[in-house]
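Below is one structure, written out as structure tokens; the observations come after it.
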Amino acid sequence: MPRPPDVQRPPRVLIIAGSDCGGGAGIQGDIKTVSALGAYAAAAITAVTVQNTMGVTATHPIPPQIVSTQIRAVLEDIGADAIKTGMLVSAEVVRAVAESLQGHTIPIVVDPVLTAKGGTALLDDDGIAALERFLIPVAAVVTPNVPEAERLTGRTIKTIDDMIAAASHLKESGVRAVLIKGGHLPGETVTDVLADDAGVHRFSALRLQNRSTHGTGCALASAIATGLANELPLTSAVQMAREFVRDAIAGGLQLGKGIGPINHLHNNQ
């Protein structure tokens with residue numbers, strides 16, 4: 001049946017990630033980000049986590065077949081203009097996700113979620129190997145933070161030059177584009193490094209003195225995916241996403257006893 005001409009079809013972003021019952025990161029933070037930026041968010045949940053601002057205390061994986069059928073249900077009906085992956089739990093789930101996306105040309109933003117902000121491991125060695133083999137090579141961009149980039153490259157990253165070398169290493173290994181986030185490095189300025197076919201790009205800003213930073217990585221990757229869904233060039237999508245996350249940190253919420261969540265809805269307040 002034809003779609004009525006007065007019905008809007010916003011850009012569509014499919015998020016494949018774990019649930020954060022505290023609402024700051026994961027599926028919950030991703031949906032808030034995509035919605036705040038005016039796109040339509042659909043979700044395939046890979047795991048249910050028990051967490052709050054103090055950290056992650058338990059994880060319940062979703063069966064790989066259920067993850068796959070969630071993805072197919074969305075793509076066969078609603079469709080997607082961009083896809084973002086976050087926490088993928090296990091090698092079996094990584095393979096299920098990769099198989100479900102075969103044959104599609106939708107840009108994929110892979111956020112290689114390896115550990116929680118508090119240090120809890122969220123993907124084991126087999127899962128990381130599967131991520132490197134099946135998903136990272138087909139990603140439009142991969143968005144590791146410094147510890148994740150160290151794990152993926154086997155390099156020590158202490159400086160911006162180290163970030164550039166690691167990003168170039170990943171690019172040369174077959175990754176289409178990589179954005180290494182520099183928030184873990186000390187200093188008054190935070191610099192992210194993007195390596196793509198056009199070369200190496202630096203994005204820098206003064207560090208915000210705010211402890212409400214839970215959900216920054218998830219929000220950044222989801223915002224980039226939203227930019228790509230809107231057909232922005234990658235560098236423009238990264239710049240837009242950085243500005244969104246920076247404003248969300250500046251308006252961070254004073255909730256909980258630990259690391260509070262960013263304010264995903266700052267644009268609407």
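Side notes on the structure shown:
- Asp81 being of a type in the set (D, E, K, R), surrounded by fewer than 21 Cβ atoms within 10 Å (Cβ to Cβ) and closer than 21 Å to Ala229 by Cα: yes
- Residue match in region 196-210 (condition: surrounded by fewer than 18 Cβ atoms within 10 Å (Cβ to Cβ), among the polar types (S, T, N, Q), in contact with a Ser or Thr (Cβ under 8 Å, 6 or more places away or on another chain) and over 19 Å from Ala82 (Cα atoms)): yes
- Flag: Val7 does not match the condition of being modelled with pLDDT of 95 or more, surrounded by fewer than 21 Cβ atoms within 10 Å (Cβ to Cβ) and more than 14 Å from the chain's Cα centre (by Cα).
- Scope region 189-206; condition without any contact (Cβ under 8 Å) to a residue 24 or more places away in the chain and within 21 Å of Gly252 (Cα to Cα); matching residues: Thr189, Val190, Ser204, Leu206
- Looking across region 242-254, the residues that are touching a residue at least 40 places away in the same chain (Cβ under 8 Å) and surrounded by fewer than 16 Cβ atoms within 10 Å (Cβ to Cβ) come down to Ala250, Gln254.
- Of residues in region 50-84 being among the hydroxyl-bearing types (Ser, Thr, Tyr) and at pLDDT 95 or above, the one farthest from Val110 (Cα to Cα): Thr69
- Any hit, region 82-101, residues being more than 17 Å from the chain's Cα centre (by Cα) and either of a type in the set (Val, Ile, Thr) or farther than 21 Å from Leu131 by Cβ (or both): no
- Residue list for region 217-261, filter: of a type in the set (A, V, I, L, M), over 17 Å from Val190 (Cβ atoms) and at pLDDT below 95: Leu253, Leu255
- Candidate set from region 169-218 (those that are part of a strand (DSSP E or B), among the small types (Gly, Ala, Ser) and more than 18 Å from the chain's Cα centre (by Cα)); member that is nearest to Lys158 (Cα to Cα): Ser204
- Residue within region 220-241 that is surrounded by 16 or more Cβ atoms within 10 Å (Cβ to Cβ), over 15 Å from the mean Cα position of the chain (by Cα) and of a type in the set (A, V, I, L, M, F, W, C) present: yes
The values are calculated or read from the model by the stated rules, or taken from the named source; none is laboratory data. Keep in mind that this is a model prediction, so the values were computed, not measured. Cβ: placed from backbone, ideal geometry, glycine included. Neighbour counts: every protein chain shown.
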